[in-house]
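Asks: The structure's right below; bear with me while I get my questions together.
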Amino acid sequence: MRYAMSGNWWPERLTVSDDAGTPRFEVRNNPGFATMLSLSVAGGEQVATLRRRRGGRFQVLVGGKQAGLVRRRGADGYDIKGALWSLAAAGSVPDGRYSITCNGLPMARVSRQITDDVRPMQTISVDIVDGDPETLLATVLAIEAMRYEHAGTGFNPRALLELLGHVLNPLNWLRLLNPFW
């Protein structure tokens, strides 16, 4: 089964459709100090959660139970440690063409494209070959979130707070108005 996600990354809400264009899942971003993404059945219950963990890892929870822990390995590798299995990302994640494999056998094939219209958008296609769609889609989202953050475009609340503190500090305004102060 093929699934497609389109939109700008780190959206508040993103729809995952099947190959017929029918919405199947919805991804919601809960930005903040602990980044969390949730995957829900379209218009229904939450089926998976992704949580950022220490060391740049993402925990994948499906049905409230840990399904995997995704971590970046080297420049282009990703490991997914599960309770019952170990997965890996084979191919080129930065170039947008990779597979999620188990013991060398593909479980999902991923293709990412960027459209160069007025507002650049990316489309991620995921072909599920074998396995649970919720777990594999959540794993792909975790890999894409890590790739996005590693590219230096991640949300950094501490930097935002420091910037606001600097702008709102009255002493900085006085220094700006009177450089000899």
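Asks: Can you pull out the residues in segment 131-149 that are in contact (Cβ under 8 Å) with a residue 60 or more places away in the chain and not acidic (Asp, Glu)?
Replies: Scanning segment 131-149 gives 133, 135, 137, 138, 139, 141, 142, 143, 145, 146, 148.
Asks: Check off (1) touching a Phe, Trp or Tyr at 6+ places or on another chain (Cβ under 9 Å); (2) among the small types (Gly, Ala, Ser); (3) at pLDDT below 85 for residue 151 and give me the number that stays unchecked.
Replies: Result: residue 151 passes all but (1).
Asks: Determine which single condition residue 92 fails, assuming it passes every other condition in (1) surrounded by 13 or more Cβ atoms within 10 Å (Cβ to Cβ); (2) modelled with pLDDT of 85 or more.
Replies: Failing condition for residue 92: (1).
Asks: Filter segment 41-53 for residues that are β-branched (Val, Ile, Thr) and surrounded by 18 or more Cβ atoms within 10 Å (Cβ to Cβ); which is modelled with the highest pLDDT?
Replies: From segment 41-53, those β-branched (Val, Ile, Thr) are 41, 47, 49; that's our starting set.
Restricting the remaining residues to those that are surrounded by 18 or more Cβ atoms within 10 Å (Cβ to Cβ) gives 47, 49.
Details: 47: 92, 49: 89.
Among residues in segment 41-53 that are β-branched (Val, Ile, Thr) and surrounded by 18 or more Cβ atoms within 10 Å (Cβ to Cβ), the one modelled with the highest pLDDT is 47.
The values are calculated or read from the model by the stated rules, or taken from the named source; none is laboratory data. Keep in mind it's a predicted model, so treat the numbers as computed, not measured. Backbone-built Cβ (ideal geometry, glycine too); neighbour counts: all protein chains shown.
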